[in-house]
Every structure is written in structure tokens, then in C-alpha cells.
Amino acid sequence: MLQAIDLPLFHLLNAGAGSPAGYINAARWVSAWLPGISMALLTLWMVWQGPAGLRRLGRTAAALALAWLACRLIRWGLPMPRPAFYGLGLQWIAHNTGAGMPSMHAAGAFALAMAIQLGWARQQRWLPAVVWTLATLVALSRVVLGVHFPSDILAGLLVGCASAWLVWRVSRAPALPSQESALAQRMPA
């Protein structure tokens, strides 16, 4: 069933030979530069926010690392080839034809967006909308450029969001008392 949606959507979004050069160049720029620029700007902004921003930065970095690891493990366990492997569409950037699900670009972009949503939604209501839009642009650029199927993007979205949620959930869980402090509480003074 997913293939019935995936292939037509891929062909719809993948830039063809008649696509405007500006459209293809914009997708290349978004894919190559937007993730790094966004992360650099957000890192500087979080550092500027002081200790609370640094804690959020640490959680964001952990979410990105977990998303990367999860993508690597999924690709190793379920190596789903990219469109070029099947001779589908046009590939507008140099890329291998090996395992492409989930998309690491999408997983990283959506891990970052979810981390911002979880960490800043109350203080900066505008920021989550901006980063979700940027994450969507990064993810879609990978289909436009022909290096991912839409299902790769969906899997990246799920991996990225789950990674950020898990990191935030674990990092905000109450700490368990150490054995020494628990023992000290039981002993009469």
C-alpha cells in the first residue's frame, strides 16, 4: 500500500529535466547548507540564553546523536535502496544508491525541530513554527533531488521526533535517590 502512494509522490516531487534551474539550485542549497546554518544559529542563540539554553543545547545534541544512531541501525538492519538503485527519477546531486531509509537529513532536521518544540515552545512561540518549516524544506529537498523516496522522509520524521522526545523524557525524569541517601533517610539521627 505504501508503494502505491510512495512512487507517484516521488515522481511528482522529484525535479525533472524540464524543472527550472532555480528550483533545482534552491533544493541543492537547502539540502547542503540549511541544516548546518540552522544548527549553528540555534547553537549560538542557545549559548546566549545562558545555563537554561546550554541544557537545551545538550538535549538537542543528544537527540541528534540518537537520531543518527537509530538511522544507522535501521539502515544496517533493513537496507532499503534509494530511487537511483531502481533507475527511478533524476538524481541531481552525487549520492550512492545504497540504503536510504530513513533519511538522515530528515531525521536530523525533525529531531532538531522536535527538540526546539519541546524546549522553547512556551518561551518563544514563533520559533517552533520556523524550525518545523525549515525541517520540512530540508526533508522535501531530498526527494526533489532524487536521493530519497517520500517514505524515507516519513521514516526520518518518525525517527527524529521519537529521538528528541525520548531524550527530553529521560532528561526530565526525576532522579532516583542514590543508595547512600536512601540509607541515610532510613537511619534515625
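The values are calculated or read from the model by the stated rules, or taken from the named source; none is laboratory data. Remember, predicted model here, so these are calculated numbers, not experimental data. Neighbour counts are summed over all protein chains in view; Cβ atoms, including those assigned to glycine, are modelled from backbone coordinates with ideal geometry.
Take the conditions (1) surrounded by fewer than 17 Cβ atoms within 10 Å (Cβ to Cβ); (2) over 23 Å from His11 (Cα atoms); (3) in contact with a helix residue (DSSP H, G or I) (Cβ under 6 Å, 6 or more places away or on another chain); Gln117 misses just one of them, which is (1).
Residues in segment 62-104 that are more than 20 Å from Val30 (Cβ to Cβ) and buried (at least 20 other Cβ atoms within 10 Å of the Cβ): Ala63, Leu66, Ala70, Met101. Kindly provide the set of residues from segment 36-54 that are surrounded by fewer than 19 Cβ atoms within 10 Å (Cβ to Cβ) and touching a residue at least 40 places away in the same chain (Cβ under 8 Å), ordered by number. Met39, the sole residue that qualifies.
Restricting attention to segment 69-96, which residues are of a type in the set (Gly, Ala, Ser), part of a loop (DSSP other than H, G, I, E, B) and in contact with a helix residue (DSSP H, G or I) (Cβ under 7 Å, 6 or more places away or on another chain)?
Gly89
Kindly indicate whether any position in segment 168-180 is modelled with pLDDT of 95 or more, out of contact with any His (no Cβ under 6 Å at 6 or more places or on another chain) and surrounded by fewer than 22 Cβ atoms within 10 Å (Cβ to Cβ). No, there is no match, as no residue in segment 168-180 is modelled with pLDDT of 95 or more, out of contact with any His (no Cβ under 6 Å at 6 or more places or on another chain) and surrounded by fewer than 22 Cβ atoms within 10 Å (Cβ to Cβ).
Of all residues in segment 1-20, those that are closer than 20 Å to Thr136 by Cβ and surrounded by 15 or more Cβ atoms within 10 Å (Cβ to Cβ) have Cβ atoms under 7 Å from Cβ atoms of residues that are at pLDDT below 90 and of a type in the set (Gly, Ala, Ser), 6 or more apart or on another chain, in Phe10/Gly89; Asn14/Gly89.
For segment 97-149, which positions are part of a loop (DSSP other than H, G, I, E, B) and hydrophobic (A, V, I, L, M, F, W, C)? Across segment 97-149, the qualifying residues are Met101, Ala121, Leu145, Val147, Phe149.
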